[in-house]
Amino acid sequence: MYRKCIKRGLDFVLSLTAIVLLSPLFLALTVLGLVFMKGNPFFTQDRPGLREKIFKLVKFRTMTNAKGPDGELLPDEKRLIPYGKFLRATSLDEIPELFNILLGQMAIVGPRPLLTEYLPRYSAEQHRRHEVRPGLTGYAQAHGRNAVSWQERFRMDVWYVDHVSFRTDFGILLATVRGVLKHEGISSETSATMEKFMGNDT
């Protein structure tokens with residue numbers, strides 16, 4: 001009952017409430033983003049959602065579009081400015097995703113929506129992460145965020161698919177809040193963000 005009916009209803013009500021309550025903060029971060037990013041403060045990108053249906057995810061931008069002499073974007077660590085690091089550390093860059101949740105493209109809790117280019121690289125078991133809506137936070141994010149390896153992350157995503165419940169979601173939300181307050185798992189061990197998933201044989 002929770003998974004099929006109640007969860008989506010709660011997501012709608014909670015995301016709408018959060019959008020209203022956080023509207024002053026949303027406006028302030030939009031203005032600050034215009035200044036620090038010297039342009040569009042929003043980052044949008046295609047991501048696979050429920051049953052791998054593609055939707056447009058929206059976040060606050062945390063990296064500039066700075067390019068090198070060859071015209072290519074600089075590495076993440078060089079484009080991630082202090083303001084962007086602050087947004088990531090506090091998870092404030094995720095606030096615009098509340099609109100994705102309101103529209104039913106995402107849930108408050110679920111496996112994080114990853115890049116569409118990863119789809120052909122998943123194993124059959126890893127594809128199961130798309131049996132539920134992707135989330136603003138998830139089991140993997142509550143247990144390590146970007147510091148968790150890809151294999152462990154996918155294992156936790158599939159575990160969540162098989163254990164969706166109000167109790168599980170509530171526990172994940174509490175663990176996420178603790179992680180954000182402690183600034184845990186913001187980066188991987190070797191990257192300013194998270195290395196790309198290149199496949200199960202890499």
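The values are calculated or read from the model by the stated rules, or taken from the named source; none is laboratory data. These numbers come from a predicted model, not from an experiment. So basically every Cβ, Gly included, is an ideal-geometry build from the backbone, and we count neighbours across all protein chains shown. Each accessible area value is taken on the protein alone, full model and side chains, heavy atoms only, with ligands, DNA and RNA left out. Shrake-Rupley method; radii C 1.70, N 1.55, O 1.52, S 1.80 Å.
Can you compute the helix-only [θ] at 222 nm over the chain? Use -39500 (n - 2.57) per DSSP H run of at least 4 residues, normalise by all residues, nearest 500 deg cm²/dmol.
Value at 222 nm, helices only, nearest 500: -12500 deg cm²/dmol.
Limiting things to C-alpha atoms, what are the Rg and the maximum Cα-Cα separation (Dmax) for segment 1-99, in angstroms?
16.2, 56
Take Ile81 and Leu174, extend 7 Å from each Cα along the Cα→Cβ direction, and tell me the distance between the two endpoints in nm.
3.9 nm
With every protein chain left in place, what is the accessible area per residue of the chain in square angstrom, probe 1.4 Å?
55 Å²
Measuring from label point to label point, each 7 Å out along Cα→Cβ, what is the Ser123 to Phe12 span in nm?
Each label point lies 7 Å from its Cα, and together they span 3.8 nm.
Between Tyr2 and Arg155, how high is the FRET efficiency from 1/(1 + (r/R0)^6) when r is the Cβ-Cβ distance and R₀ = 25 Å? Nearest 0.05.
Computed FRET efficiency for Tyr2 and Arg155 comes out at 0.65.
Pairwise over distinct Cα atoms, reciprocal of the mean inverse distance: report the Kirkwood radius of segment 80-181 in Å, one decimal place. Walk me through the numbers on the way to the answer.
Values: mean 1/r = 0.0706 Å⁻¹.
Computed over segment 80-181, the radius equals 14.2 Å.
Below 8 Å, C-alpha to C-alpha, sequence gap of six or more: please give me the relative contact order for segment 57-195 in percent.
Working: 176 pairs, mean separation 33.3, N = 139.
Averaging sequence separation for qualifying contacts and normalising by length gives 24 percent for segment 57-195.
Which whole-Hz couplings ³J(HN,Hα) result when phi for each residue of segment 89-103 is put into the Karplus expression 6.51 cos²θ - 1.76 cosθ + 1.60, θ = phi - 60°, listed in order with x for Gly and Pro?
In residue order, the calculated couplings are 4, 9, 6, 5, 5, 8, 3, x, 5, 4, 6, 4, 5, 4, 7 Hz.
For a quick check: with amide H placed at 1.01 Å from N, whose amide H comes under 5 Å from Phe43's, ignoring anything fewer than 5 positions away on the same chain?
Close amide H contacts, sequence-distant or interchain: Lys59, Phe60, Arg61.
List, in order, the whole-Hz ³J(HN,Hα) value for each residue of segment 43-51 obtained from phi through the Karplus relation with A = 6.51, B = -1.76, C = 1.60 and θ = phi - 60°; use x for Gly and Pro.
With coefficients 6.51, -1.76 and 1.60, one gets 10, 10, 7, 5, 9, x, x, 4, 6 Hz.
First compute the accessible area of the chain with a 1.4 Å probe, then give the percent of it belonging to carbon and sulfur atoms.
62 percent
How would you order 132-139, 175-182, 101-108 from highest to lowest mean count of nearby Cβ atoms within 10 Å?
By packing density, highest mean first, the sequence is 132-139, 101-108, 175-182.
Take every Cα-Cα distance within the chain, group them into 10 Å bins from 0 onward, and report for each bin the whole-number percent of pairs it holds.
P(r) for the chain, in whole percents per bin: 8, 33, 39, 16, 2, 0.
Which value, to two decimals, describes the C-alpha radius of gyration of segment 58-135 once divided by 2.2 N^0.38 Å?
Here the Cα radius of gyration is 1.34 times the empirical estimate.
Of Ser123, Val158, Phe170, which is farthest along the charge dipole of segment 111-181 in the positive direction, counting Lys and Arg as +1 and Asp and Glu as -1 at C-beta?
Phe170
Where Lys and Arg each count +1 and Asp and Glu each count -1, what net charge lies around Leu32 among other residues with Cβ under 13 Å from its Cβ?
+1
Go through 45-51, 125-131 and give me the packing order, highest mean Cβ count within 10 Å leading.
Result, highest mean Cβ count within 10 Å first: 125-131, 45-51.
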